[in-house]
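The next block holds one structure in the form of structure tokens; read it before the comments.
Derivation of every value follows stated rules applied to the coordinates shown; laboratory data play no part. Given the structure is predicted, the values throughout are model-derived calculations rather than measurements. Glycine gets a Cβ as well: all are built from the backbone with ideal geometry, and neighbour counts include every protein chain shown.
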Amino acid sequence: MSKLQSIKNSVIKTLVRVVLYLRLSDEDRDKLTKEQISKSIKNQELMLREYAENEGWQIVGVYNDEDWSGADSTRPNFNKMIDECKAGNVDIVLCKTQARFARDSELIEKYIHNLFHEWNVRFLTTVDRIDNTKRETKKTSQILGLTDEWYLEDTSLNIRETFKSKRKAGECTSSFSKYGYIKDPENNNHLIPDPVAAEVVKRIFDDYYKGDGLEKIANNLNKEKIPSPFEYKKMHGSKLQIPLLKEYLDYDYIEKTGTYIVSINLTNNETQILNNLISFNYLTTDKKVFNNKCEITLKRYTQNKTKIYYSEKDNLDINKFNESDFVLLNEDDDIPKTATCIATKTDILDRTHTIGYQFEITLKENVSKEKFYVMIKKAVDNIDVDLDFKINIRRKLKWSSQTIKSILKDEVYIGNMVQFKTTTVSYKNHTLVYNDEEDRIRKNDTHTGLIDKTIFYTIQQRLEDKSRSCENGEVHAFNNKVFCMNCNRVFCKCGKKQDSGYGYLCCKDKNDKWSNCDNKKYLREEELHNLVLEKINVLLNRFYDEESLNNEKDETIEQDLFKEKLKTLEKELNNINKELQNKSSYFQRLYEDRTSGILPEKEFLILMNKYKDDTAKLEERMKIIKKDIATTTTMKETLKTKKNIFKKYRHIDKLNVEIVGDFIDKVLVGHYDEETNSRDIKVIWNFQI
């Protein structure tokens, strides 16, 4: 070969554009420590770089999906690489093995054996020697794809069975502990109370039990700047992902008033370590000058030998960092509005490593609707190095009534584990599916509860009542406690509020225009309040009478109330089961009539659809009854004593939800008698008188 031809071949080789794709396989992840995982990724890249350089190819990109499964088609860097291939910017995709590229035979067939050919992209692996330009390796590639997929399927089934066994044993299998708890350092499957968050949980239950509404509790927590569960976990280094709420994600700039979390990551893409790395950060409306009209707080930063400063000096030379011009910041420090620049200084940044830090930015008003951008200037002393700056702006998640409600309804706070509430379709399809109540795995008393069980189940009953009324954030004191003697429907708030602060109560049948009840006379809330208050204080006085106290016995709350309720629920459940059996037999006869030609096809379809609708309603009612039975049974087993109830109070001046809940099971309101100008009001207590 002539010297000229050799030079020509060398030039052609140099122009071959190659991308390196790296991924840590799942089987390696189970065997390696965190340090070894990082080293494994580096070794992959070194091996592929050496291979490409020996071939004389030009490396135009390195893509790494370290924390993703090979069966997942949503891998971010994988898809970036695919986009580059589709755009014609890549000649070769180079991997260690085909399994690093994908463990899904559909992905392998789609890209390696189809689209890569269409895009003139060559696929190569250095270990198993797959080359999509050679026919003899295609079958090997397809066999490897199938065996890799079988491996994933078997692994998925084994993991599911392992998790199922752990859940049945009461072990926590979730990646993240519930707010109020942390994973036990000595046993990752066991929960222990978080000293800080547990107190917030107790406060939430206490406030609601005493009568505060969901919205009021959430507003109070936000006013006191208590971090929401998501923000609290993020503050403590959790990798919990933000809920998929569009209004909270991915802002390009800040314009609407509110509080935002700005996360900044800086990655060294160079092949060498960078020293004394400086970057300048700006909050700006014109993308030129630092314009700080917001309230800024440094919320978090990596301890990777990184320091963060602010300066109040004008006309700073960003090409020369002088530490004397800046003030050092600590976490949670406020940055004054007179600041002209924020700077970061990193002593050492290893290759492929990232530094990260966060600011909390609050925009209180923006009448002129200015757009505030976060800008980063290139690092001084390394002006030409390959640095990847990523800025993510999102809304700060605050407490909401829905968050409060989800905490109040979670049995984890009484020491119970209810798991397998959701699942995914398969290891390839990660669509979330909610499991039915009977399919969930329950284990009671697996860890230390934060809330008394009686209080918890009292709250559940209150939450179930959709007719509850809240004014000024406080729940109506007789919420779901007053019922009509005529039709057994609840008495709810109605009519205008009086000057005294009390309103009126009436039978809920009013909503149906009194179709089932003639108990139409309104009851003044103040009248009921005074009547019940007087009765309770009479009981308290009797209890504290010395003779009564000496004769007092620890009588349990009357269980006949629960027995009667359980009996009614179980009877209804049996009736539904019988009805379902009858409907099943009925449908079987319909089907036989259809097949024998007695019943026309059109009529059969009409009757079949009615059968399905009726069956679905019965099954839904069955779920509700089973839940009520479980709740009532648990309440029956966690009863207070009469003595404990009475010892909480000496004299009561005003009723609230907590007091009414302690003393009263229900109040029955009878028909108003116009002749006597009176009505029967019967109080049923939670104990024997």
inquiry  = If I model the stretch 341-414 as equal point scatterers sitting on the Cα atoms and use the Debye formula, what is log10 I(q)/I(0) at q = 0.14, 0.16, 0.25 Å⁻¹?
reply    = -0.75, -0.84, -1.36
ask   = Can you list the residues, at least 5 places off or on another chain, whose amide H is less than 5 Å from the amide H of Trp685, using H built in the peptide plane?
value = Asp665
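DSSP loop (so not H, G, I, E, B), at most 15 other Cβ within 10 Å: list which chymotrypsin sites (Phe, Trp or Tyr not before Pro) in the stretch 265-352 pass both filters. List each step's numbers first, then the result.
Values: sites: Phe280, Tyr282, Phe290, Tyr301, Tyr309, Tyr310, Phe321, Phe326; in loops: Phe290, Phe321, Phe326.
Hits after loop and neighbour filter: nothing returned.
Length gain on complete extension for the stretch Asp653 to His353, per 0.36 nm per residue less the alpha carbon to alpha carbon distance?
Values: separation 300, 0.36 × 300 = 108.00 nm, distance 6.49 nm.
The span from Asp653 to His353 would gain 101.5 nm if fully extended.
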query = How large is log10 I(q)/I(0) at q = 0.11 Å⁻¹ when the Debye formula is applied to the Cα atoms of the stretch 102-210, each weighted equally and without solvent?
reply = -0.63
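Which of the pairs Lys443/Lys623; Lys42/Lys378; Lys256/Lys337; Lys178/Lys398; Lys299/Lys396; Lys493/Lys521 have their Cα atoms more than 21 Å apart in this structure?
Values: Lys443/Lys623 19 Å; Lys42/Lys378 26 Å; Lys256/Lys337 19 Å; Lys178/Lys398 17 Å; Lys299/Lys396 12 Å; Lys493/Lys521 13 Å.
Those over the limit are Lys42/Lys378.
For a Förster distance of 22 Å, can you work out the FRET efficiency between the beta-carbons of His117 and Gln58, rounded to the nearest 0.05?
Approximately 0.50, to the nearest 0.05.
Quick one: work out Rg over Rh on the C-alpha atoms of the stretch 58-137, Rh as Kirkwood radius. Kindly include the intermediate steps, with their values, before the conclusion.
On the way: Rg = 11.7 Å, Rh = 12.8 Å.
In the stretch 58-137, Rg relative to Rh is 0.92.
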message = Let's test this: bin the Cα-Cα distances of the stretch 563-631 at 10 Å from zero up to the farthest pair and state each bin's percent.
response = 19, 39, 23, 14, 5, 0
remark   = Cα extents of the stretch 246-395 along the principal axes, largest first, in whole Å, come to 47, 36, 27
ask   = When the Debye formula is applied to the Cα atoms of the chain, each taken as the same point scatterer, what base-10 log of I(q)/I(0) results at q = 0.05, 0.08, 0.10 Å⁻¹?
value = -0.41, -0.92, -1.18
ask   = Could you give the dipole magnitude of the stretch 246-395 about its Cα centre, charging the beta-carbon of Lys and Arg +1 and that of Asp and Glu -1, in debye to the nearest 20?
value = 360
key: Label-to-label distance, nm, for residues given as Glu295 and Asp673 (7 Å Cα→Cβ offset)   = 6.3
request  = Express the relative contact order of the chain as a whole percentage, based on alpha carbon pairs under 8 Å and six or more residues apart in sequence.
outcome  = 11
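Assuming R0 = 25 Å, what is the FRET efficiency of Lys168 and Glu620, from their Cβ-Cβ distance, to the nearest 0.05? Let's see the in-between values first.
On the way: r = 27 Å, r/R0 = 1.07.
That gives a FRET efficiency of 0.40.
With N set to the residue count of the stretch 647-687, report its C-alpha Rg divided by 2.2 N^0.38 Å to two decimal places.
Working: Rg = 13.6 Å, N = 41, 2.2 N^0.38 = 9.0 Å.
For the stretch 647-687, the normalised Cα radius of gyration is 1.51.
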